[in-house]
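The values are calculated or read from the model by the stated rules, or taken from the named source; none is laboratory data. If you're wondering where the values come from, they're calculated on a predicted model, not measured in any experiment. FYI the Cβ positions are ideal-geometry reconstructions off the backbone, even for glycines, and counts take in every protein chain you see. Side chains included, ligands, DNA and RNA excluded: accessible areas come from the protein's heavy atoms. Shrake-Rupley method; radii C 1.70, N 1.55, O 1.52, S 1.80 Å.
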Amino acid sequence: MLRKTYPYYLANQPQTSKDMLDVRDKYSGQLATRVAVPDAKATEKAIVAAVKAAKPMREYKPWARQAVLQHCAQRFAERRDELAEALCIEAGKPIKDAAGEVTRLIETFRIAAEEAVRINGETINLELASRLDGYHGYTKRVPLGPVSFITPFNFPLNLVAHKVAPAIAAGCPFVLKPSEKTPIGALIIGEVLAETDLPKGAFSILTLDGAHAGPLVEDTRFKLLSFTGGQIGWDLKARAGHKKVTLELGGNAACIVDADQDPKLDRVVERLIFGAFYQSGQSCIGVQRIYAHADIYDALKRKLVAATKKLKAGDPKDKSVFLGPMIDEAAAERLHGWILDAKKAGGRILCGGKRNGNMLDATLMEDVPADARANRMEAFGPFALLAPFRRFDEAIAMVNDSDYGLQAGIFTDSLDHAMRAWNELEQGGVIVNDIPSFRVDNMPYGGVKLSGLGREGVRYAIEDMSEIRLMVMRES
């Protein structure tokens, strides 16, 4: 069970306050717990503490950073059930999905622990001409300094982990603002970090709402802002000044099913169903657009509809439930409105399409117009559309006809088609013979176009949080 209240963290220490944030069970709507909320003075103290911690963190040895990350991974494993229950309650995430996210949290910290002692430089040959004889170049990576993080509600553990763990590995003090809709997971991470001997000020976790998070974006003392969320990220980038900025801003992921997949349709359907509807479709790389070759389109459609209708919806605490609630009623109402608009414009609902509060049916549609919001924008809910193609060039064009470009998937046995997808799709990543929702926490992850800039994945995030320092030596 959740505790009655949770503190926020300021300079490694738990803090209480008179102002409290209510956190509700996303399925029942009942009050689950309350969280202390910092004021503007606390935010300033957190920034000052991070600045003061920059030198101690830079001098904190790689083996010590590794030990902190290993401690965290061990403690998260010991508190696995507690973390999964918190996710299930605060995010409405089905308990099986919640348990899977806890596993990824542990893995991300373990990967970061390995990388903490592998932040290497290189030797550069500078003897490019006779005038440069005796010159040698060397580089090393050094921490940027204080960094700020803002994370969303849909992966309250793993998206926090992808910022926090690399920061510790790189030697950067940080101030984190988790989503006010799902703060508990981040605060439990803070509780575990507080058990370590990280230098004072190495971390603060502030349960702010968006209206009070301005200093994390605009303050010039931060050297990097890493934001995961919606299109507001572009506005944050404009306000961030000269600091480095990395953005992961969502997508409307597409998946191509090639003509040669007819013997494998059952597996393809199983993966597409998972990609479209796991955690109620609230994933930046959830399957939203399915493009199938005309020769297999009808068969795939029949199987997808039949499988979708079998999904059990309800209380996410029930282990047999696959489809839980969306994060709130406003989110469900928004997507439901897009579905109805697409239907009015000529789209056909194949299954689903109904809403009850923040519970939205798993919905499949076809004939959705290209300019419909359900096609062009990020659905971020339990929705996918189907459309046929005849030529592979047509499928490539359909995927690229999007303002987003995070990840795409293709099911094919053709090496030529796989390579063409990799070369021609305007995406940050192409997943061959699986859904675009596939992600492992050490791979480079991020997008192009409106999907953002920069890459997550532990090693790549460490590179963003460090800078190259050059030394040139001349033989005397």
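See the values below:
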| quantity | calculated |
| --- | --- |
| Members of the range 200-230 that are without any contact (Cβ under 8 Å) to a residue 24 or more places away in the chain and either buried (at least 22 other Cβ atoms within 10 Å of the Cβ) or of a type in the set (S, T, N, Q) (or both) | Thr220 |
| Positions within the range 24-37 being surrounded by 15 or more Cβ atoms within 10 Å (Cβ to Cβ) and either over 13 Å from Leu208 (Cα atoms) or among the aromatic types (Phe, Trp, Tyr) (or both), in sequence order | Arg24, Asp25, Lys26, Tyr27, Ala32, Thr33, Arg34 |
| Some residue of the range 50-68 being assigned to a helix (DSSP H, G or I), of a type in the set (Phe, Trp, Tyr), out of contact with any Ser or Thr (no Cβ under 6 Å at 6 or more places or on another chain) and more than 30 Å from Met326 (Cα to Cα) | yes |
| Filter result for the condition that a residue is at pLDDT 95 or above and either open to solvent by 30 Å² or more (accessible area, probe 1.4 Å) or of a type in the set (S, T, N, Q) (or both), over Tyr404, Tyr460 | Tyr460 |
| Residue check for Pro173: buried (at least 23 other Cβ atoms within 10 Å of the Cβ) and more than 30 Å from Ala331 (Cα to Cα) | yes |
| Where Ser226 falls short, out of the listed (1) in contact with a Cys (Cβ under 9 Å, 6 or more places away or on another chain); (2) outside any helix (DSSP H, G or I); (3) polar (S, T, N, Q) | (1) |
| Residue tally, condition assigned to a loop (DSSP other than H, G, I, E, B) and under 20 Å from Ala194 (Cα atoms), over the range 5-20 | 5 |
| Pair list, Cβ under 8 Å, 6 or more apart: the range 116-134 residue farther than 19 Å from Arg58 by Cα, other residue open to solvent by 50 Å² or more (accessible area, probe 1.4 Å) and hydroxyl-bearing (Ser, Thr, Tyr) | Glu122/Tyr138; Thr123/Tyr138; Ile124/Tyr138; Leu126/Tyr135; Glu127/Tyr135 |
| Criterion: open to solvent by less than 40 Å² (accessible area, probe 1.4 Å) and of a type in the set (Lys, Arg) - qualifying residue of Arg271, Arg302, Arg289, Arg348 | Arg289 |
| Selection within the range 7-23 - surrounded by fewer than 20 Cβ atoms within 10 Å (Cβ to Cβ) and small (Gly, Ala, Ser) | Ser17 |
| Tally, over the range 176-199, of residues that are part of a helix (DSSP H, G or I) and open to solvent by less than 30 Å² (accessible area, probe 1.4 Å) | 9 |
| Residue that is nearest to Leu323 (Cα to Cα), among those in the range 345-381 that are charged (D, E, K, R) and in a loop (DSSP other than H, G, I, E, B) | Asp361 |
| Residue list for the range 21-41, filter: assigned to a strand (DSSP E or B) and among the acidic types (Asp, Glu) | Asp22 |
| Qualifying residue in the range 315-335 (condition: in a helix (DSSP H, G or I), of a type in the set (Gly, Ala, Ser) and more than 20 Å from Val287 (Cα to Cα)) | yes |
| Yes/no for Ser476 being of a type in the set (Ser, Thr, Tyr), touching a residue at least 40 places away in the same chain (Cβ under 8 Å) and not in a strand (DSSP E or B) | no |
| Qualifying position, being over 30 Å from Ser280 (Cβ atoms), small (Gly, Ala, Ser), over 24 Å from the mean Cα position of the chain (by Cα) and open to solvent by less than 20 Å² (accessible area, probe 1.4 Å), among Ala40, Ala49 | Ala49 |
| Count - residues of the range 90-106 that are in a helix (DSSP H, G or I), in contact with a helix residue (DSSP H, G or I) (Cβ under 8 Å, 6 or more places away or on another chain) and either touching a residue at least 40 places away in the same chain (Cβ under 8 Å) or open to solvent by less than 30 Å² (accessible area, probe 1.4 Å) (or both) | 10 |
| Residues satisfying the stated conditions in the range 382-401, i.e. part of a strand (DSSP E or B) and open to solvent by less than 10 Å² (accessible area, probe 1.4 Å) | Phe383, Ala384, Leu385, Leu386, Phe389 |
